[in-house]
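Report on the following structure.
The values are calculated or read from the model by the stated rules, or taken from the named source; none is laboratory data. For clarity, every value in this text was computed on a predicted model and none was experimentally measured. Don't worry about glycine lacking a Cβ; one is built from the backbone with ideal geometry, like all the others, and counts go over all protein chains shown.
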Amino acid sequence: MSTTDIKRSQPNLAERWRNVQFFFDTTMRVRLESLIVLALLCTAMTILSPFFLSLSNFLNILLATSTIGVLAIAATLVLSSSGLDLSLGSVMGLSGTAGAALVVEAGWPWPFAIAGSLGAGALAGYVNGQLITRARIPAFIVTLGMLGIARGLALIIAPNGGAIYGLPDPVVYLGQGRPLGIPSPVVILVLTALFAHYLLAYSRFGRHTLAMGDNEGAARATGINVERLRRTLYTLSGTLAGLAGLIFMARVNAGDPTAGISYELTAITAAIIGGTSLFGGKGSILGTMIGALIMGVLQNGLNLLAVQSYYQQIAIGSVLILAVYIDQFQATKERKS
Amino acid sequence: MIRIKSLALASVAVLMSTAAFAADKPLYGVLMKTLANPFWGAMEQGVKAGATAAGVEYYLQAVESDQAAEPQLNTCNTMLERKPAVMITAAINSTILLPCLKKANEMKIPVVDLDNNLDPDITKKAGVDIAFHIGSNNEMAGAQGAGFVVSKLGKDAKGPVLVIEGLSGNITGKHRADGFANELKKAAPGLEIVASLPGDWDRGKAANITNDILTKHPDLVAIFCANDGMALGAVETVFAANKGDKVIIVGVDGNSDAVKSIKAGRLTASVAQLPYLVGKQAVENVKKILEGGKVDNVVIVPTLVLTKDVIEGGKEPMMEFVK
């Protein structure tokens, strides 16, 4: 980077490109490449389908991204710390079912649907964190175990394993309401993403998380309480899964114990397409949101074009691999220069 | 006739006037569960045949698996962007599509419940208006399965029977299992259902359940599975345990894999759902509605017990709908 000053007098195209990239990387914490991919994808879909470019379809895409988006935020936070949470989808299913059971089955007042969902998620995340830091069981194993436990609990809570239907109106509003014409889940997603982005990119908590993800030993040496931070992160991750469960429950007006099956993998995919490293130390919530949107636009566009879902899976798998390839390519180039 | 048709076309064109450009033929939206199951493949063929005969276009979507509930809701919302003349939907469970179907109601797009996946009580509670429900009657199909078992074993037969249900919470599987259990109790009280477990529509899971129950009840006389996929899983386990000639295995759907297995003398019978006929009749009835006609709120498509004799005998007229 020290050569930049000398070259600035006569910037060539590659140099300018790198400056723009640098701006997005540092100021916005977003990879320019993923933004370009998203823009290209939107342009292509607009050309291919006359139904793509409309406000209502744009809101559809955001609405379809809402639960996965919230889970992807959780995945980004945990991955940045070089952790892993495979229980996200199951905890989401458990949370929504628990919240619905408290209100519909047990007859408690409606705020317990919210408190119950978030609480169940937080509790599952707390247990994950305790087992990982105190019992020293690898995160992969603990959260894989929780994946089964949470799903089983959800199916036990729900009568006959079926969905618990019919929530009070204030709860349903969180999923089906439209404040200012924007679907509530989208509002929740955007607010959560902005808060989480601030947390990870600008707060001390975020700096510590990224430092721990980059090099745990060094983080410990600088006085960061690595264990406590990790517990907080897993509890936060569980709570966010609870929030996703709440959104889902409100959206379909039912606590569905089978909600969120294999969503953890989709959430991790969104995070990685957005530039978060699977090995920690690197992660951005805005990047993840772009990753989630790339997947959302791809799915929506292909649906409008009546492309079979099998091809959609191939497309998303390819985008994932391509995104990581671009990352590797950049990293090698940077190392060389 | 031509005038009625053009009138229908005109009304559809009005519906689609907000779209970027209107297609010249009415577009029927068809949302299925997944195409990774020959049952839905056969239904798609029926839809295609019906659409060709009716001179309409159809826009068919499905999701990656029959457990991908939220993706199905998202796909449903996306399909409404193309403002189809009708939404023919096979919901993954009884609640997931309700927000989208409500939106379709608001857009004055009639909604058809394909294969009876919606619960009329819940749709009423949610304020969703269904033009008609079409499919086989699942309780009747289950009862037909029980009738077949009793016809084979006799009404005084005794012995343990296993029931493998569908996905927990799915009413299709529940109705089939209930229909079977109720009819069996009536027709042959000596046959006792020793276990009724959810196989989640999963072949492997059904195989495991069969294995476990066979260990506990080696004298098992019959197995009823709420779909063919699971029945085929059960068949493999029963034959692996060398009990192929002792246990009657009945599935539901009559899909091509099941037909192959029945012909090979492995699966005993399948209560065929005739999905081809369901798809075809769905389109035919939609056309009737769009042209201002009336259709019963519940359209029942008959089922047929497929055995080796029925398939190879060539005497059953309904065989032409078995795809």
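Overview of values
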quantity: Subset of the range B:80-131 [within 26 Å of residue B:274 (Cβ to Cβ) and of a type in the set (Val, Ile, Thr)]; calculated: B:86, B:88, B:89, B:92, B:96, B:111, B:112, B:123, B:130
quantity: Residue tally, condition at the interface with chain A (Cβ under 7 Å from one of its Cβ atoms) and aliphatic (A, V, I, L, M), over the range B:80-105; calculated: 2
quantity: Candidate set: the range A:30-86, residues that are of a type in the set (D, E, K, R) and part of a loop (DSSP other than H, G, I, E, B); chosen: the one nearest to the other protein chains (Cβ to nearest Cβ); calculated: A:85
quantity: Subset of the range B:247-300 [of a type in the set (Phe, Trp, Tyr) and within 25 Å of residue B:108 (Cβ to Cβ)]; calculated: none
quantity: Residue among B:142, B:147 that alone is crowded, with 24+ Cβ neighbours inside 10 Å and assigned by TED's automatic domain parsing to the domain that holds residue B:254; calculated: B:142
quantity: Residue in the range A:154-168 that is in a helix (DSSP H, G or I) and more than 14 Å from chain B (Cβ to nearest Cβ) present; calculated: no
quantity: Qualifying residue in the range A:223-244 (condition: within 13 Å of the chain's Cα centre (by Cα) and within 14 Å of chain B (Cβ to nearest Cβ)); calculated: yes
quantity: Qualifying positions in the range B:116-167 - within 14 Å of chain A (Cβ to nearest Cβ) and in contact with a helix residue (DSSP H, G or I) (Cβ under 9 Å, 6 or more places away or on another chain); calculated: B:117, B:118, B:119, B:122, B:123, B:126, B:127, B:128, B:165, B:166, B:167
quantity: Flag if residue A:281 is on the phi > 0 side of the Ramachandran plot and surrounded by fewer than 23 Cβ atoms within 10 Å (Cβ to Cβ); calculated: yes
quantity: Out of A:93, A:116, A:99, A:89, sole residue that is closer than 30 Å to residue A:215 by Cα and in a helix (DSSP H, G or I); calculated: A:89
quantity: Any helices (runs of 4 or more DSSP H) falling wholly within the range A:232-337 and containing at least 1 residues that are among the polar types (S, T, N, Q) and farther than 15 Å from residue A:72 by Cα; calculated: A:285-304, A:309-336
quantity: Pairs where the first residue, in the range B:192-220, is modelled with pLDDT under 90 and the second is of a type outside the set (Asp, Glu) and surrounded by fewer than 17 Cβ atoms within 10 Å (Cβ to Cβ), C-beta under 6 Å, 6+ apart; calculated: none
quantity: Elements of type helices (runs of 4 or more DSSP H) in the range B:39-125, at least 3 residues being crowded, with 23+ Cβ neighbours inside 10 Å; calculated: B:69-80, B:98-106
